[in-house]
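Data block below; observations after.
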Amino acid sequence: MAAEPQPKALTRKPLLLNKVEGSQEVVNMAAIVPKEDGVISVSEDRTVRVWLKRDSGQYWPSIYHAMPSHQSRVIMILFVLEMEWVLSTGQDKHFTWHCSESGQRLGGYRTSAGACGLQFDVETRHVFVGDHSGQVTILKLEQESCSLVTTFKGHTGGVTALCWDPIQRVLFSGSSDHSIIMWDIGGRKGTAIELQGHNDKVQSLSYAHHTRQLISCGADGGIVVWNMDVERQETPEWLDSDSCQKCDQPFFWNFKQMWDSKKIGLRQHHCRKCGKAVCGKCSSKRSSIPLMGFEFEVRVCDSCHESITDEERAPTATFHDSKHNIVHVHFDATRGWLLTSGTDKVIKLWDMTPVVS
């Protein structure tokens, strides 16, 4: 299948500040050291390294610590300063939390599949866990117990990343199905808005609260900056029908109508704007629908294509190439820096102020 065409990026783009190289294995997680020219990285070889910028301008490891062997790989770790908790998920299908002062294990919960997305809301003590089955689990944590609040699923692939906006009460989930879903947790419950801007699985998400911009990075090397300060539309559910809802031609499984009308059945498609089941002839046009999250051109029925204005086709995201398969990102809003770590064992620091503003 041919790759979807990329929208044209705007002339403004991130500036590559530096590269950090030297890890023996892929860097699974990394973070910018607050108020310092430094980076902390955790690698596949189970090492933690602290890289500080030298007078030469290069980053060199100042601390190198080998972690003890684990039964299975730890995917995500969060430190909650307000609660003095360390939250973690892993491939062993377990979510656990520990006391950061004593190291004591406080509790755990077994997920339906290996978990690889983790976010926490300090105000309500809700934790969000995304797993490989495509499900997101919401738990309410107490000091030494937890209770299941709900689970929801909207992705056709596994959840690979989560990002929480505590101000708007919105959860973003990225997936191996190349999409991002924005879940309205605290407002209009049940609203789910889809964002399509990657040609490969979404690997990591970060959010700039002060500008209401979402940063997504993927295995395609793309860095996409989404403007979330616009009124977006929820994508419609696909309707079921035995015949085209525009011309009434039967679909190929509708044997009775094919026999009665003496017509060969057609393949079923769906318009991304109205959700109606249509044949290829009645949906021959393509269009981007940015306010519905479709930055790429997608299939729409002919009548919807005529109704979409040029203003509605205006992009709501910018696209940039990191030139490496991104595994993890960390955004430092105070300086406007973005850290990306890739499967090429390289950490890159970007100045995002030209596009995140």
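The values are calculated or read from the model by the stated rules, or taken from the named source; none is laboratory data. Keep in mind that this is a model prediction, so the values were computed, not measured. In this analysis, Cβ positions are derived from the backbone assuming ideal geometry, glycine residues included, and neighbour counts consider all displayed protein chains. Ligands, DNA and RNA are excluded from the accessible area calculation, which covers all protein heavy atoms including side chains. Shrake-Rupley method; radii C 1.70, N 1.55, O 1.52, S 1.80 Å.
What the table shows:
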{"quantity": "Normalised contact order of the range 103-218, rounded percent, pairs of Cα under 8 Å and 6 or more residues apart", "calculated": "17 percent"}
{"quantity": "Net charge contributed by nearby residues that have their C-beta within less than 10 Å of Gly134 (K/R +1, D/E -1)", "calculated": "-1"}
{"quantity": "Whole-Hz ³J(HN,Hα) from phi, Karplus 6.51 cos²θ - 1.76 cosθ + 1.60, for the range 226-241, glycine and proline x", "calculated": "9, 7, 9, 8, 10, 7, 8, 10, 6, 5, x, 6, 6, 7, 9, 7"}
{"quantity": "Förster radius 22 Å - calculated FRET efficiency between Thr191 and Thr124, Cβ distance, rounded to 0.05", "calculated": "0.75"}
{"quantity": "Accessible area of the range 208-339 belonging to carbon and sulfur atoms, whole % at 1.4 Å probe", "calculated": "51 percent"}
{"quantity": "Solvent-accessible area of Ile185 with every protein chain in place, 1.4 Å probe, in Å² to the nearest 10", "calculated": "50 Å²"}
{"quantity": "Solvent-accessible area per residue for the chain (1.4 angstrom probe, square angstrom)", "calculated": "50 Å²"}
{"quantity": "Net length gained if the chain between Asp55 and Lys19 were fully extended (0.36 nm per residue, minus Cα distance)", "calculated": "11.5 nm"}
{"quantity": "Longest DSSP-loop-exposure-free segment, chymotrypsin sites (Phe, Trp or Tyr not before Pro), the chain, at most 15 other Cβ within 10 Å", "calculated": "1-237"}
{"quantity": "Lysine pairs meeting the criterion (Cα under 18 Å, 8 or more apart or interchain), as found in the range 235-301", "calculated": "9"}
{"quantity": "Ellipticity estimate at 222 nm from DSSP helix runs (n ≥ 4, -39,500 (n - 2.57)) divided over the chain, nearest 500", "calculated": "-1000 deg cm²/dmol"}
{"quantity": "Cut-off 13 Å between beta-carbons: net charge of the residues surrounding Ser100, Lys and Arg +1, Asp and Glu -1", "calculated": "-2"}
{"quantity": "Most mobile of Asp242, Asp200, Asp321 in a GNM of the chain (Cα contacts under 10 Å)", "calculated": "Asp242"}
{"quantity": "Projected label distance in nm at Arg335 and Glu84, using a 7 Å step from Cα toward the beta-carbon", "calculated": "3.0 nm"}
{"quantity": "Theoretical gain in end-to-end length, Glu237 to His210 [0.36 nm per residue, Cα-Cα removed]", "calculated": "6.5 nm"}
{"quantity": "Longest DSSP-loop-exposure-free segment, GluC sites (Glu not before Pro), the chain, at most 12 other Cβ within 10 Å", "calculated": "145-230"}
{"quantity": "Under 28 Å from the Cα of Lys93 - lysines, other chains or at least 8 residues apart", "calculated": "Lys140, Lys153, Lys189, Lys201, Lys345"}
